[in-house]
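Heads up, the thing below is written out as structure tokens.
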Amino acid sequence: MNIVARVGATALALSLIAAGPVWAQTRIEFFFPVPVEGKLAREMTRLVKLYNDSQKEVEVTAAYTGSYDDTKLKAQAAAKAGKPPSVVLMSANFLVDLKLSGDIISLAPELKADGTTREEFLKDFWPALHANATVDGELYGVPFQNSTPLLYYNVDQFKEVGLDPNKPPRTWFELVDAAKKLTKDDRYGFLMAEGYDYLGWLMETFTLSNGGRYYNEDYGGEVYYDQPSTLGAARFVEDLVFKHKVMPQGVTEAGGVSTAFFAGKASMVLLSTGTLSFIRENMKQAYNVAFVPMNVRNAVPIGGASLVMFAGQSEESKKAGWKFIKWLTTPQTLGGWSRFTGYFAPRRSSYDMPEMKEFLAKNPDAKVALDQLPYAKPWFATYQTVAVRKALEDEIQAMLNGKKKAADAVKDAQKKADELMRPYVEQTSLKVP
Amino acid sequence: MSVASTSSVDLALGERRAGRPRRLHLLGFALLAPSLLFLALFTYLPVVRVAIESLYDTPHGTGAAAAFVGLGNYAKVLSDPAFRQAALNNLVYAVGVLAPTLVLALGFALAVQRSSRFSTVLRTVFFFPSLVPLVAAASLFFFIFLPGVGLLDYYLGKLGIRGPNWLGDSDIALWSVIGLTVWKNAGYYMLFYIAGLQNVPRDAVEAAMIDGANAWQRLRFVILPALAPTTAFVTVIALIQLLTSVDHVIVLTRGGPSNATNLLLYYIFQSAHENFDYGKAAAATLISVAILLAISFGSLRVMERGARGDG
């Protein structure tokens, strides 16, 4: 008995010594998705370790949580079970819904504690990113990795059909001309990702470059699916398939698009700048990148993810989480992550750093993606973002399958979207004295 | 807890020796208790909670509290065209997978029922797809189905056929998913038929042979009736599996194009996690649980009848 007691006391003493420094630390959890490849997960783990080793107050446990959708699900599930993660890297267009469902918290108190304002804090971030970081005038997310659509084209095939690879198509008319020349029996001149999520993003792309707004960036209850700008975009896509016959009928997922590009079966493809590293590593033939062709103006939507904080955590944990967010979004960290992944860095000052200038000089394709940024606009986000987005996607997919005409597709999509947003609209803009 | 249950078992055993059989129930319940507890905690309780949740509506984002709406969520689900399409898709999917799966599984079983080195190899080949997790199989088939550059189109191209857009054409996508599922399941159900074939009375088959029945007649009039319980069992297991796994749909199409491959379970997932409509998701869940129960009860009765007929 005596021995047992003595062993017990020693063990207790030892554990106290071991636990000593831990007491002073705040442990927080960080959920992050990796939409593209496994090596990004390793890089993120390395960053978190770097942070943990650099200071003593906060100990971050990083959890890789799958895709963007999975990450949202797991974070919500953990919050429901009473153990919300402190910081989550969240797809930027979920912010409105997550704010409305009360899952994420406003970062305004943290800004206030730091003696700064939202405007001041966001000043260094690209202007197009501000809207997706803000809900109802308050900061809810800090942009971390961002992308825009980009036109990738096969240089060898351009030469083969007598097109100048240094003059990629700049307008929709030039795009159709080039695509017609490039299309051969088993090769398509143009291909775009048409699966759920991607299709909505690319339809926004065409609508924006057709001069449209697509949705109300300031209010979550309005979309402009049946307006001329969206109708024109839909008709353009429909004609690419059925009139010009430069794009296959039916839906092609993003994985099919990049594979067809690598195999030389598609000469021009519309994909994300986030795919740039992937294309650079896998494309055997010569390729180049260009701005998304326009009809009325140059414009592209932003995509990507922001760091958010979940509701239900202690004040201490909030402070620690905010500290970590600030470390992750320094110009240095963001620049390094951008060079590693191919996403662009959300902070403008990241590009003033010498290592970034060197990188851009070595990779002119990354420079094109950067030059397109001043034309970027916010990413689609409404009440019930996914369902409202899907309302249009389902109709466009039917159109791509030859089951519907563009005019009916956008009209039906608008009807469905209005129905979905009605509960919110009635509680907000239609609630008048 | 463990002390209490041991003593009650001791008690029950003691009583039994004393010759009071009524106390036997105690032993029975004591033995059942652990699994009953877990069943209650992880199966029945969630079902009850979902049932309650299906009667309430919490409008997303309006800040309103959960309101009791009675059967309102059920009405909403049943009048939702997306639900009706998912239900119809699920029906086509279930029948479309089940029929070829049963035929193939029986065919495989008949081909490999005798033990020889060759048939052992064949069994392994047929069974192999069941060992591949559904998600992995779907990722594999993503590349097989790729339009133009995929494996399937590559070989069709050698025959001079231009394949359709397997997963991107809304008329074909569901059938592609069905094809993948048949490939995946047939080998597994073959195992049940191999076991079932061992129980077909040899003398009946031999008697039929002496009576001059040819192979088809033996199969049709002797072997198939003897396999009826196996078929009934496989049908139930397969139907339940077809209603409860959508991994491949998530990997391949996420229900698209235009909901053409959306199945009930994925519809429920979308309602809850994409559209924040938990009441609707709960109602749809209960509807599919009801379908599952109906299938199980219906076929259990058929099976019992089959078993009795056999005896």
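Less than 5 angstrom separates the built amide H of A:L107 from those of A:L139, A:Y140, all sequence-distant by 5 or more or on a different chain. Measuring nothing but how far apart in sequence close Cα pairs (under 8 Å, 6+ apart) lie, relative to its length, chain B scores a relative contact order of 25 percent.
Per-residue ellipticity at 222 nm from helix content only, as computed over chain B with -39500 (n - 2.57) for each DSSP H run of at least four residues, stands at -22500 deg cm²/dmol.
Using C-alpha pairs below 8 Å separated by at least 6 residues, the relative contact order for chain A is 23 percent. Per-residue ellipticity at 222 nm computed for chain A from its helices equals -15000 deg cm²/dmol, with DSSP H segments shorter than 4 residues left out and the rest contributing -39,500 (n - 2.57). Helices meeting the span-like rule in chain B (full DSSP H runs, Cα extent of at least 15 Å along the helix axis, mean Kyte-Doolittle score of 1.0 or higher): B:24-39, B:81-112, B:134-145, B:228-244.
Per residue, chain B exposes 56 Å² of solvent-accessible protein surface, assessed with a 1.4 angstrom probe and all protein chains in place. Taking amide H positions as modeled 1.01 Å from N, with prolines and chain starts lacking one, the residues under 5 Å from A:A266 and 5 or more places away or on another chain are A:Y188, A:F261.
Which shape class applies to the stretch B:72-310: rounded if a/c is under 1.5, otherwise prolate when a/b exceeds b/c and oblate if not, where a ≥ b ≥ c are the square roots of the Cα gyration tensor eigenvalues? Oblate, because a/c is 1.5 or more while a/b does not exceed b/c.
Between B:G256, B:T285, A:F344, the Cα set farthest toward the positive side of the dipole of the protein assembly as shown (charges on each charged residue's Cβ, about the Cα centre) is that of B:T285.
The longest stretch of chain A left intact once loop-based GluC sites (Glu not before Pro) with at most 15 other Cβ atoms within 10 Å are removed from consideration, loops following DSSP, is A:58-433.
One decimal place: the segment A:T171-A:N288 gains 40.4 nm when fully extended, by the rule 0.36 nm per residue minus the C-alpha distance. About the centre of its Cα atoms, the protein assembly as shown shows a dipole size close to 1620 debye [charges on the beta carbon of Lys, Arg (+1) and Asp, Glu (-1) only; nearest 20 debye]. Karplus-derived 3J(HN,Hα) values for the stretch A:135-151, using 6.51 cos²θ - 1.76 cosθ + 1.60 with θ = phi - 60°, are 10, 6, x, 10, 6, 10, x, 10, x, 10, 9, 9, 8, 9, x, 8, 8 Hz; glycine and proline are entered as x.
Mind running the shape call on the protein assembly as shown? Use the C-alpha gyration tensor, a ≥ b ≥ c as the square roots of the eigenvalues: rounded below 1.5 for a/c, prolate if a/b tops b/c, oblate otherwise. Walk me through the numbers before you get to the answer.
Numbers: a/c = 1.82, a/b = 1.24, b/c = 1.47.
Oblate is the answer for the protein assembly as shown, as a/c is 1.5 or above yet b/c matches or exceeds a/b.
Using the beta-carbon distance between A:S429 and A:A108 and R0 = 25 Å, what value does 1/(1 + (r/R0)^6) give for FRET efficiency, to the nearest 0.05?
With R0 = 25 Å, the Cβ-Cβ based efficiency is 0.60.
Per-residue shielding of B:162-169, expressed as the average number of other chain Cβ atoms within 10 Å of the residue Cβ, stands at 5. Pull out a ≥ b ≥ c, the square roots of the eigenvalues of the alpha-carbon gyration tensor of the stretch A:190-325, then state rounded if a/c is under 1.5, prolate if not and a/b is larger than b/c, and oblate in the remaining case. Judged from the Cα gyration tensor, the stretch A:190-325 comes out oblate (a/c at least 1.5, b/c at or above a/b). Within the straight-line cut-off of under 17 Å between alpha carbons, the aspartates and glutamates reachable from A:K357 are A:D365, A:D371, sequence neighbours fewer than 8 places apart in one chain being disregarded. Surface composition of chain A: carbon plus sulfur atoms hold 55% of the accessible area, using a 1.4 angstrom probe and ignoring ligands, DNA and RNA. Remark: the stretch A:268-281, residue by residue, has Karplus-estimated 3J(HN,Hα) of 10, 10, 10, 9, 7, 5, x, 8, 4, 4, 4, 5, 4, 7 Hz, where x stands for each Gly or Pro and the curve is 6.51 cos²θ - 1.76 cosθ + 1.60 at θ = phi - 60°.
Between A:E43 and A:K245, the simple label model (points 7 Å from Cα in the Cβ direction) yields a spacing of 4.3 nm. Interface burial in the stretch A:193-239, defined as at least 40 Å² less accessible area with all protein chains than with the chain alone at a 1.4 Å probe, covers A:Y196. Take each residue in A:253-260, count the other chain C-beta atoms within 10 Å of its C-beta, and the mean is 5. Surface listing: A:M268, A:M353 arranged by accessible area from highest to lowest gives A:M353, A:M268, probe 1.4 Å.
Using a probe of 1.4 angstrom and keeping all protein chains present, the accessible surface of the stretch A:280-403 works out to 36 square angstrom per residue. When the trypsin sites (Lys or Arg not before Pro) in the stretch A:326-433 are filtered for DSSP coil states and for at most 13 other beta-carbon atoms within 10 Å of their beta-carbon, the remaining sites are A:K431. For A:L271, the residues whose modelled amide H falls within less than 5 Å of its own, excluding neighbours fewer than 5 places apart on the same chain, are A:L150, A:Y152.
Taken about its Cα centre, the stretch B:72-310 carries a charge dipole of about 340 debye when Lys and Arg each add +1 at the Cβ and Asp and Glu each add -1 at the Cβ. Calculated FRET efficiency, B:R202 to B:V48, Cβ-Cβ distance, R0 = 45 Å: about 0.35 to the nearest 0.05.
Taking other residues whose beta carbon is less than 12 angstrom from the beta carbon of A:M356, and scoring Lys, Arg as +1 and Asp, Glu as -1, yields +3. Assuming charge only on the beta carbon of Lys and Arg (+1) and of Asp and Glu (-1), the dipole of the stretch B:95-186 about its Cα centre is about 460 debye to the nearest 20. Within chain A, the selection of entire DSSP H helices by a Cα span of 27 Å or greater along the long axis and an average Kyte-Doolittle value of at least 0.5 returns A:2-23. Between the listed residues B:A238, B:H25, B:L122, the Cα displaced farthest toward the positive end of the dipole of chain B, a dipole computed from Cβ unit charges relative to the Cα centre, is found at B:H25. For the stretch B:72-310, with all protein chains present and a 1.4 Å probe, just round the carbon and sulfur fraction of the accessible area to a whole percent. Reported share for carbon and sulfur atoms: 68 percent.
Report the FRET efficiency, 1/(1 + (r/R0)^6), for B:Y155 and A:D185, where r is their Cβ-Cβ distance and R0 is 25 Å, rounded to 0.05.
Values: r = 18 Å, r/R0 = 0.72.
For R0 = 25 Å, the calculated efficiency reads 0.85.
Averaged over the residues of peptide A:415-428, the number of Cβ atoms from other protein chains lying within 10 Å of each residue's Cβ is 2. Relative contact order of the stretch A:158-237: 17 percent, from C-alpha pairs under 8 Å at least 6 residues apart in sequence.
On a 32 Å Cα-Cα criterion, which of the cross-link pairs A:K184/A:K416; A:K49/A:K83; A:K318/A:K377; A:K390/B:K158; A:K180/A:K403 come out too long? Show your work: numbers first, answer last.
Numbers: A:K184/A:K416 38 Å; A:K49/A:K83 22 Å; A:K318/A:K377 30 Å; A:K390/B:K158 38 Å; A:K180/A:K403 24 Å.
Checking Cα-Cα distances, A:K184/A:K416; A:K390/B:K158 exceed 32 Å.
For the pairing of chain B with chain A, what total accessible surface becomes buried, with a 1.4 angstrom probe, in square angstrom to the nearest 100?
On the way: alone 18630 and 19300 Å², together 35340 Å².
Result for this pair: about 2600 Å² buried.
A simple spin-label model places the labels of A:T330 and B:A213 8.3 nm from each other, with each point 7 Å out along Cα-to-Cβ.
The values are calculated or read from the model by the stated rules, or taken from the named source; none is laboratory data. Fair warning: this is a prediction, and the values are worked out from it, not measured in the lab. So basically every Cβ, Gly included, is an ideal-geometry build from the backbone, and we count neighbours across all protein chains shown. The accessibility values were calculated without ligands, DNA or RNA, using every heavy atom of the protein model including side chains. Shrake-Rupley method; radii C 1.70, N 1.55, O 1.52, S 1.80 Å.
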